[in-house]
Amino acid sequence: MKLSFPFDPVERAEESERCVMKNRKRLYHRFRPAPYYGGIATADAIGCSFLCSYCWNYKRNLYPERFDKYYSAREVSANLLKIARKRSFHLFRITGSEPVLGINSFNHLLEVIKNIYQEIPHSIFILETNGLILGYIKDLTKKLRFKNLWIRISLKGVDHDSFERITGAKRDYFHYPVIALKELEAQGVKAWPAVMKDLFTEEEIRRLKVFLQEYDIQAKLEYEVLERYPFVLENMEKRDFMVKKREKV
Ligand code: SF4
């Protein structure tokens, strides 16, 4: 996919969706048990509206057309359920990508979630999203009113400037993930914001918290941990970001 920075992320979402969705099937890279959250059945999908400098799935999200394994929602949920049953997990997620790129990918996601709840009603699905399309097409949030759905919205930047440098997307879209959060809170859905703390000063984090308060966001801000792969550090440098050294504990 052709890309020049900064790009329009809504257009990129549409283009990505055309590439990663085929007849209600979505492009996936693999299915695996992952240690996060104490153990979670994980599907690694491909395709995103952003292109974050620290994305561990950077190349696949940049060149989705190079991959060709499409799975139906039924196949995805069956793969995840198999992993969960084998490992006694009750948590599920899709990661490495943006699950919601538009209506088609959203419907695919809903079907995966519903299939899982049908098989294991007490299971928890953690939706990891950048929140762009959920904020842009606010009505979608109304369809996410499931009791056991938890939604983590990664804010990427603390302000317009850092958002643009991290995601590669135009700065004007910075507030859409916050709109998504506000809508979800209004719908009574469990949702919270997250940010990569390693990239920002205490003062910048404080200002982000004030910004969230101005939107009347009630949920607590989660801190993400940067996976310092060499290609990630290289990409960060290219986008003019110095990564802070970790404090010793
Ligand atoms: S939003 Fe997530 S999946 Fe998309 S590019 Fe950024 S880190 Fe990768």
Of the residues in region 86-103, those that are open to solvent by 90 Å² or more (accessible area, probe 1.4 Å) and either under 9 Å from E128 (Cβ atoms) or touching a strand residue (DSSP E or B) at 6+ places or on another chain (Cβ under 9 Å) (or both) come to K86, R87
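Residue check: is I217 surrounded by 12 or more Cβ atoms within 10 Å (Cβ to Cβ) and assigned to a loop (DSSP other than H, G, I, E, B)? First the steps, then the outcome.
Working: surrounded by 12 or more Cβ atoms within 10 Å (Cβ to Cβ): yes; assigned to a loop (DSSP other than H, G, I, E, B): yes.
So I217 fits the description; yes.
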Identify all residues within region 20-30 that are within 26 Å of L233 (Cα to Cα) and either among the hydrophobic types (A, V, I, L, M, F, W, C) or within 12 Å of the ligand (Cβ to nearest atom) (or both); write none if there are none. H29
Return the residues of region 36-68 that are away from the ligand (no atom under 11 Å from the Cβ), over 23 Å from V243 (Cβ atoms) and not in a strand (DSSP E or B); say none if nothing qualifies. Y37, G38, G39, Y63, P64, E65, R66, F67, D68
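Just for region 220-240: of the residues that are open to solvent by less than 80 Å² (accessible area, probe 1.4 Å) and part of a strand (DSSP E or B), which one is farthest from P6 (Cα to Cα)? Reasoning before the result, please.
First, the residues of region 220-240 that are open to solvent by less than 80 Å² (accessible area, probe 1.4 Å): 221-222, 224, 226-227, 232-233, 235-236, 239.
Narrowing the set further to residues that are part of a strand (DSSP E or B) leaves 222, 224.
Details: E222: 27, E224: 24 Å.
My answer is E222.
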Restricting attention to region 150-157, does a residue exist that is part of a helix (DSSP H, G or I), surrounded by fewer than 22 Cβ atoms within 10 Å (Cβ to Cβ), more than 16 Å from the ligand (Cβ to nearest atom) and not hydroxyl-bearing (S, T, Y)? no
For region 57-78, state whether one or more residues are aliphatic (A, V, I, L, M) and open to solvent by 70 Å² or more (accessible area, probe 1.4 Å). no
Out of all the residues in region 11-35, which are assigned to a helix (DSSP H, G or I) and over 22 Å from V195 (Cβ atoms)? E11, E14, E15, S16, E17, R18, C19, V20
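Within region 111-129, how many residues are over 15 Å from the mean Cα position of the chain (by Cα) and open to solvent by 10 Å² or more (accessible area, probe 1.4 Å)? Walk me through how you get there before you give the answer.
Here is the first cut: in region 111-129, the ones over 15 Å from the mean Cα position of the chain (by Cα) are 111-124.
Filter once more, keeping what is open to solvent by 10 Å² or more (accessible area, probe 1.4 Å): 111, 114-115, 117-122, 124.
Number satisfying all stated conditions: 10.
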Restricting to region 190-205, name every residue that is surrounded by 12 or more Cβ atoms within 10 Å (Cβ to Cβ) and of a type in the set (D, E, K, R). K190, K197, D198, E204
Only one of these is among the β-branched types (V, I, T), closer than 18 Å to Y36 by Cβ, within 16 Å of the ligand (Cβ to nearest atom) and modelled with pLDDT of 95 or more: I126, I133. Name it. I126
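The values are calculated or read from the model by the stated rules, or taken from the named source; none is laboratory data. Since the structure is predicted, the reported quantities are computational estimates derived from the model, not experimental observations. In this analysis, Cβ positions are derived from the backbone assuming ideal geometry, glycine residues included, and neighbour counts consider all displayed protein chains. Protein only, heavy atoms only, side chains kept; ligands, DNA and RNA dropped before computing areas. Shrake-Rupley method; radii C 1.70, N 1.55, O 1.52, S 1.80 Å.
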